[in-house]
Amino acid sequence: MKKWVWILIAALVVGGGALYYVTRPEPVVEEPVVEEPALRIGLVTSVGGRGDKSFNDAALRGLELWAAGGDLATVPEFLKGEIKSLGVEPRVIESRVVEDFYPNLRTLAEEGLDLIVAVGFLQSEAVYKVAKEFPDVKFMIIDGLPTNPEGEVEMLPNTQAYLFRENEGSFLVGALAGLMTETNKVGFVGGMDIFIIHRFEAGYKAGVMTTNPEAAGPEGRGVLVDYTGDFRDPLKGAASAKAIFGKEADIIFAAAGASGIGVIDTARDMGEGYFAIGVDSDQDWMAPGRVLTSMLKMVDLAVYRSIESVLNETYKAEIIVLGVKEGGVDISPLTYTKDMIMAKDPQILDHIANLKQLIIEGTLVVPDETKIDPTGDRPVIFTPPATELWKK
């Protein structure tokens, strides 16, 4: 190689090195990242408490397992991708009796939490009182509305409410019960004898009236009904279930919190031919094959969405109502009973899907209350949709 080429290469190497040396930027000193403190979210359970495998556990799932990232495997398939850990810090206080609500809510408010979730309409008055005392603390109540001492609903700037059309989901499981009963007798077990549980009863009866008028009887009077009087006693639920099964019913819908566990246990113990219907959470797993379906009430999603609104700074005082159309209530995926249902009649699930669509379209309006008459029955005033609308 010619001498001048070597000189050029050497010049480029040295020059390049010199250029690199001259233009190399000063090392960047990174500022320490200051992490925002996690949101602190409080929750006061209803009287059913933790472990009811239903209403309270659904709320706790939304807080502890979803928003706090405790177990995202519990997120249902249709919500995967939407639900992620929000990194919140949960603080839970359990209530045993109604008198616990006010002091429990006040305890959390004094701690200055970012949001306090009140589970159940029984906390309506306590939420109003504490929210009034702590205007800088945000509250969210499930199934209830802040209620002042005069008994009037009064939304405050720091209160948010989630309500559900549980009568719509109850209608769907009632329709399924009507199509699946072999004895033409079905039952309903409620917890406390209060208006919100009457909504479940009314919807369930209307569903049975639609698909099996013989089992429902006039105005739903043929549906066998019993109330345990509370949400905490599986033994009372079992006693109610045994009494109803003893009258030849083969399917019972339980809207009774932890008391409903006794209904499921009884259906399992009685074996083939007897079924329970779960409520609020997917309870099908509790007695595989003996829980026909569950009426899902997405309390977990409501809790998660409210927490998310605080995190995103979109929280506001409002009443949010979730029904079938909004994805707030539905029937379970029938993990253990779908094959059995299909074997009985492949069209049954199509019929349920058609009824669901009628609700979404507004063609079918599900009743949300029962009447009281001198006989002690709880009639439901409802005109079922024409058969050709859902048996198409």
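The values are calculated or read from the model by the stated rules, or taken from the named source; none is laboratory data. These figures come from a predicted structure and were not determined experimentally. Ideal geometry is used to build each Cβ from the backbone, glycine not excepted, and the neighbour counts take in all protein chains shown.
Of everything in the range 119-133 that's among the hydrophobic types (A, V, I, L, M, F, W, C) and assigned to a helix (DSSP H, G or I), which residue is nearest to the chain's Cα centre (by Cα)? Looking at the filtered set, the residue picked out is Phe121.
If the condition is being small (Gly, Ala, Ser) and either within 14 Å of Pro234 (Cα to Cα) or surrounded by 19 or more Cβ atoms within 10 Å (Cβ to Cβ) (or both), then the range 261-277 contributes Gly262, Ala267, Ala276.
The conditions of being in contact (Cβ under 8 Å) with a residue 24 or more places away in the chain, closer than 25 Å to Ala287 by Cα and either assigned by TED's automatic domain parsing to the domain that holds Gly203 or touching a Lys or Arg at 6+ places or on another chain (Cβ under 9 Å) (or both) are met by Val329. Pairing each residue of the range 258-276 that is assigned by TED's automatic domain parsing to the domain that holds Met180 and in contact (Cβ under 8 Å) with a residue 24 or more places away in the chain with any residue that is in a loop (DSSP other than H, G, I, E, B) and among the β-branched types (Val, Ile, Thr), provided the two are 6+ apart or on different chains, yields C-beta distances under 9 Å for Ser259/Thr228; Gly260/Thr228; Gly262/Thr228; Gly273/Thr183; Phe275/Thr181; Phe275/Thr337.
Gly174: surrounded by fewer than 23 Cβ atoms within 10 Å (Cβ to Cβ) and at pLDDT 95 or above, yes or no?
Answer is no for this residue.
Scanning the range 118-143 for residues that are among the small types (Gly, Ala, Ser) and in contact with a Gly (Cβ under 8 Å, 6 or more places away or on another chain) yields Ala118, Gly120, Ser124. Candidates in the range 355-392 are the residues that are in contact with a His (Cβ under 7 Å, 6 or more places away or on another chain) and in a loop (DSSP other than H, G, I, E, B); of these, the one that is surrounded by the fewest Cβ atoms within 10 Å (Cβ to Cβ) is Lys391. Residue count for the range 72-109 satisfying the condition of being basic (Lys, Arg) and surrounded by 13 or more Cβ atoms within 10 Å (Cβ to Cβ): 3. Please determine whether any residue of the range 297-304 is outside the structural domain of Ile196 (by TED's automatic domain parsing), among the charged types (D, E, K, R) and within 15 Å of the chain's Cα centre (by Cα). Yes. Within the range 268-279, one or more residues are of a type outside the set (A, V, I, L, M, F, W, C), part of a helix (DSSP H, G or I) and farther than 29 Å from Ala67 by Cβ. In this structure, is Ser259 under 24 Å from Leu364 (Cα atoms) and touching an Asp or Glu at 6+ places or on another chain (Cβ under 6 Å)? Answer is no for this residue.
The set of residues in the range 221-266 being in contact with a Lys or Arg (Cβ under 8 Å, 6 or more places away or on another chain), part of a helix (DSSP H, G or I) and more than 27 Å from Leu122 (Cα to Cα) consists of Thr266 alone.
Would you check if Pro333 is more than 30 Å from Val88 (Cα to Cα), part of a loop (DSSP other than H, G, I, E, B) and not polar (S, T, N, Q)? The answer is no for Pro333.
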